[in-house]
Every structure is written in C-alpha cells, then in structure tokens.
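Please treat every number below as a calculation from the coordinates, not as lab data. Just so you know, these numbers come straight off a predicted model, no measurement behind them.
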Amino acid sequence: IQMYQLSRLLHDYHRDLYSHLEQQEIGPSLYATPWFLTAFASHFPLGFVARVFDMLVPAGVRGHL
C-alpha cells in the first residue's frame, strides 16, 4: 500500500479523522511507516528482516527500487 492509497482510504471512510490529521499537518508517513515496518517485521524471520533493513537504511528505499 502506498501512502496516497492509505490517505484516500482514510478520506473516503473516516473523513473526520482525515480532516483532523490534515489540520494538524500529520501525513500518513508519520504514523503509517512504523506500522507497516512492524507488520513487515512480524511476518518474516528476524534474520531476513535484519538483512533487508541493513540494505534499506543506509541507501534509503529509493536506492533499491
């Protein structure tokens, strides 16, 4: 899921929450990234997750896509 899709889902199904977050200038990347990383980490072996994070953190996500 991309952050835009999450934002649209929030806008379409939870408009009050979406409006509140927008007024506070809180974008989906502030609350969704840790959530997605946690979900990702909980579904794979720790060694695999550590290797992926070791690749992504120094170069950033765009460096590997």
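Note on Gln5 and Gln23: the extension gain reaches 4.6 nm, defined as 0.36 nm multiplied by sequence separation minus the Cα-Cα distance.
One chain, two ends: Asp16 and Arg51. Fully extended at 0.36 nm per residue, the span grows by 8.7 nm beyond their Cα-Cα distance.
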